[in-house]
Amino acid sequence: MITADGFDSCLIGKDSKDRAIYDADAMIETLVVRDDMTHEDAVDYFWYSIDGAYVGEDTPIYVFLNYER
C-alpha cells in the first residue's frame, strides 16, 4: 500500500484493491496547521501536489467527507 507521507492521522481506510483512502479535508487542515499555509494555499497544494500526483495503480484515494451539493 502506498501512503501519503506526513498524513497518517488523515488515513481513514483502504479499498478492496488495498489502496489507502484519505480524508481530503483533514489533509488540507493538516497543511494549514502543520505547515502554516493559508487555507487557499493548502487547497491549491492539495489539488496540485497531492491529488495530482499519480504514482501508478496503487495511488491513494482522497475523499471529501464533508461534501455538500
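Only one of the listed values, [x] 71; [y] 96; [z] 86, was derived from the coordinates as volume of the Cα convex hull per residue in Å³; which label is it?
Label of the calculated value: [y].
Can you give me the solvent accessible area of Arg19 with a 1.4 Å probe, rounded to the nearest 10 Å²?
Using a 1.4 Å probe on the heavy atoms, I get roughly 60 Å².
Taking the solvent-accessible surface of protein heavy atoms with a 1.4 Å probe, what is the per residue accessible area of the chain in Å²?
Value returned for the chain: 71 Å² of accessible area per residue.
How large a share of the accessible area of the stretch 6-50, in percent, is made up of carbon and sulfur atoms when the probe is 1.4 Å and the other protein chains stay in place?
Working: 1420 of 2810 Å².
Carbon and sulfur atoms account for 51 percent of the accessible area of the stretch 6-50.
Name the chymotrypsin sites (Phe, Trp or Tyr not before Pro) in the stretch 1-67 that are in a loop by DSSP and that have at most 15 other C-beta atoms within 10 Å, would you? Write out the running numbers ahead of the final one.
Numbers: sites: Phe7, Tyr22, Tyr45, Phe46, Trp47, Tyr48, Tyr54, Tyr62, Phe64, Tyr67; in loops: Phe7, Tyr54, Phe64, Tyr67.
Answer by residue number: Tyr54, Phe64, Tyr67.
Return the loop-located GluC sites (Glu not before Pro) in the stretch 28-67 (DSSP other than H, G, I, E, B) with at most 12 other Cβ atoms within 10 Å of their own Cβ; answer none if there are none.
Of the GluC sites (Glu not before Pro), the ones in loops of the stretch 28-67 whose Cβ has at most 12 other Cβ atoms within 10 Å are Glu57.
Taking the Cα centre of the chain as the origin and placing charges on Cβ (Lys, Arg +1; Asp, Glu -1), which of Leu31, Thr59, Trp47 is farthest toward the positive end of the dipole?
Checked the options; the winner is Thr59.
Summing -39500 (n - 2.57) over the DSSP H runs of n ≥ 4 in the chain and dividing by its residue number, what mean residue ellipticity at 222 nm do you reach, to the nearest 500 deg cm²/dmol?
-7500 deg cm²/dmol
The values are calculated or read from the model by the stated rules, or taken from the named source; none is laboratory data. None of these values were measured; they are calculated from a predicted model. Neighbour counts run over all protein chains shown; Cβ positions are idealised from the backbone, glycine included. In case anyone asks, the SASA skips ligands and DNA or RNA and just uses the protein heavy atoms, side chains included. Shrake-Rupley method; radii C 1.70, N 1.55, O 1.52, S 1.80 Å.
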